[in-house]
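Novice: Please find one structure pasted underneath; my questions will follow.
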Amino acid sequence: MMRINRFLIVCCSLALFAVNGCRMPDNSDKMIFRYNESAGIASLDPAYSKDQALNWGCSQIYNGLIQLDTALQPQPCIAKRWNISDDGKTYSFTLRDDVFFHKSELFGSPDSSRRVVASDFVYSLSRIFDPKVASPGLWIFNEVDTSFGQNGFLAPDDTSFIIKLKQPFSPFLSLLSMPYCSVVPREVVEHYGVDFRKHPCGTGPFRMQMWKEGVKLVLRRNEKYFEKDDDGTPLPFLDAVAVTFIVDKQTAFLEFIKGNLDFMNSIAPSYKDELLTSTGQLRPKYNDRIDMVSTPFLNTEYLGFLMDGDDSPLKDKRIRQAICYGFDRRKMMKYMRNNIGLPGCNGFIPFGLPGFDTSASRYEFNPERSRQLLSEAGYPGGKGLPELKLATTATYADLCKYIQQQLGMVGINVSIDVNPPAALREQIAQGKASWFRGSWIADYPDAENYLSLFYSPNFCPSGPNYTHFSNKKFDRLYEQAKRETDPDRRTALYREMDALVMDEAPVVVLYYDQILHFTHKNVTGLRSNAMNTLDLRRVKIN
């Protein structure tokens, strides 16, 4: 009953009070999916969809040319088929002719819409290049040949769309699945300008109903959505999606347990032991109420070293390797993470991607080897080695303290510097943190995305090379892999690069993350993948 009342208060009070003398209908048969987004949503303009919270919101409202399935393989979306030229540079898409934007008065009347045509994609993707828009997604078009068409895009007719690259780039098709590449209508974007962020209009399964920032977002079913399920039934099944923005994760957890939320993603230290056993299984007392689904997550958690700058002992590879050997990742996962995830002993490329080396066993806990490396570096037993400062955030402080304690036993003294997330990001971007905790969640499902963190032209702040790692051999292999169109040869190059990085140790890989999705028993049809997408098109609430 609480679900019905919440929907009536938030949605119907806005939409139905205007009907004079109209009695509110019975909404007891409505399916409303409720989840909390503690990180908040700053914009519903896909040009700014740079993190998971924004991706989840935008993916309900917008579509692009292609989409990824549960196995991370590109599938048709607005583009019903495509062809890639033999030289790997030209991508030709044939679009569906039955996709319409959400209704908007800017199309002529409050109840009107219009069909999506190829020129809409030329406009939408060219918009990412506009310096006035200042989209953080501009980098995804680094390989596009901007001398072709308009910024590298061409629409010969309403259902034909062409993209041309400067050179072959095998991950490009998957990259087009990112929300940055969503189609938007020029009329609505240009009318609202910067305020398009709170007046979104797309083609997706849900459309905007109400957004009180920091409090609640309500999306309603798009009655004219173009996709159907395998039986030919129109999608989506849900009537609405309601998103709350409770910042405190413990409070959000209690709301989920009480049944006021239908879904919970991941788990926080404050309640992990309440919900999970020490081996990462759902506690028996919740088995009859809650379903838990666990899948690999393309997220590598690591500690990064700044490879240039001052004369820190961390410039010595032997010190970095001593740190890599100096703590027990398997014990860390068991006692600090309830075995959620895999210990990072294989490489930087995470489990779940081609290039992950299942046969590699790098930096298993070896305190004797750690002491030996310290001695070779001129610090026997750690004598003379200055205290090393590790910058982190409060969320990861316990994990860093565990590493601090273990490294202290081999003679490496560590101090923990806890920072607000924004402050730490700024330190890392400005090259002011000599040792920092970081994570890399895949932007697109290809190992190249992870290895880009070590390509020297990608030095931050303009690129993701936060450690300022520079190695000529690595750069040469990276450029070769980007041009390689044979999947097996490209995977072999990825593994060679990953091994090189692990030997040089600009990072300490901690673990490969794992997705945990919790739903109540009456929720069915929720789909995801190793990118941790939130696909609500087939969800039902019984």
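No lab work stands behind these numbers, since they all come straight from the coordinates. Please read all numbers here as calculations on a predicted model, not as lab measurements. Don't worry about glycine lacking a Cβ; one is built from the backbone with ideal geometry, like all the others, and counts go over all protein chains shown.
Novice: Beta carbons within 10 angstrom, averaged per residue: use that to sort the peptides 282-290, 364-372, highest first.
Specialist: 364-372, 282-290
Novice: Considering amide H positions built from the backbone, and no H for Pro or chain starts, which residues 5 or more places from residue 515, or on another chain, come under 5 Å of its amide H?
Specialist: When sequence neighbours closer than 5 places are left aside, the close amide H contacts are 295, 297.
Novice: What distance in nm separates the two pseudo spin-label positions at residue 230 and residue 119, each 7 Å out from Cα along the beta-carbon direction?
Specialist: Distance between the two pseudo-spin positions: 4.1 nm.
Novice: Which value, in debye to the nearest 20, describes the size of the charge dipole of the chain about its Cα centre when Lys and Arg Cβ atoms bear +1, Asp and Glu Cβ atoms bear -1, and nothing else is charged?
Specialist: 1040 debye
Novice: Mark the label point 7 Å from the Cα of residue 247 along Cα→Cβ and return the residues of segment 33-55 whose backbone N is within less than 11 Å of it.
Specialist: 39-40, by backbone N distance to the label point.
Novice: Considering only the chain, what is the antiparallel percent among its DSSP beta bridges, to the nearest 5?
Specialist: DSSP beta bridges in the chain are roughly 80 percent antiparallel.
Novice: Just one of [x] 1.03; [y] 1.09; [z] 0.98 is Cα Rg over 2.2 N^0.38 Å as worked out from the coordinates here. Which one is it?
Specialist: Among [x] 1.03; [y] 1.09; [z] 0.98, the one derived from this structure is [x].
Novice: I've got another one for you. Please report how far the C-alpha centroid of segment 186-235 lies from that of segment 453-526, rounded to the nearest whole angstrom.
Specialist: 33 Å
Novice: While we're on this one: Past 27 Å, Cα to Cα: identify those pairs from 132/472; 249/540; 164/432, in the order given.
Specialist: Violating the 27 Å Cα-Cα cut-off are 132/472; 164/432.
Novice: Quick check on packing: order 248-254, 510-516, 292-298 by the mean number of other C-beta atoms within 10 Å, highest mean leading.
Specialist: The most tightly packed comes first, giving 510-516, 292-298, 248-254.
Novice: List the residues whose amide H sits under 5 Å from the amide H of residue 346, counting only those 5 or more places along or on another chain, with H placed 1.01 Å from N in the peptide plane.
Specialist: Under 5 Å from the amide H of residue 346 lie the amide H atoms of 362, each far enough along the sequence or on another chain.
Novice: Let me ask another. Whole-Hz Karplus ³J(HN,Hα) for segment 45-59, in order, using 6.51 cos²θ - 1.76 cosθ + 1.60 and θ = phi - 60°, x for Gly and Pro?
Specialist: Each residue of segment 45-59 in turn: 8, x, 5, 10, 7, 9, 9, 4, 4, 6, 4, 5, x, 5, 5 Hz.
Novice: While we're here: For residue 142 and residue 167 in one chain, what is 0.36 nm times their gap in residues minus the Cα-Cα distance, to one decimal in nm?
Specialist: Value of the extension gain: 8.0 nm.
Novice: Here is a further query. Take the alpha-carbon centre of segment 97-141, take the same for segment 304-331, and report the distance between them in whole Å.
Specialist: So the two Cα centres are separated by 47 Å.
Novice: Among the lysines, which fall within straight-line cross-link reach of residue 212, defined as a Cα-Cα distance under 19 Å, with same-chain neighbours fewer than 8 residues apart omitted?
Specialist: Filter leaves 198.
Novice: Hey, another quick one. Quick one: which of 82-95, 320-333, 400-413 comes out on top by average Cβ neighbours within 10 Å, and what's the full order, highest first?
Specialist: Output ranking for 82-95, 320-333, 400-413: 320-333, 400-413, 82-95.
Novice: Another question, if that's okay. FRET efficiency for residue 273 and residue 503, Cβ-Cβ distance as r, R0 = 30 Å, nearest 0.05?
Specialist: 0.20
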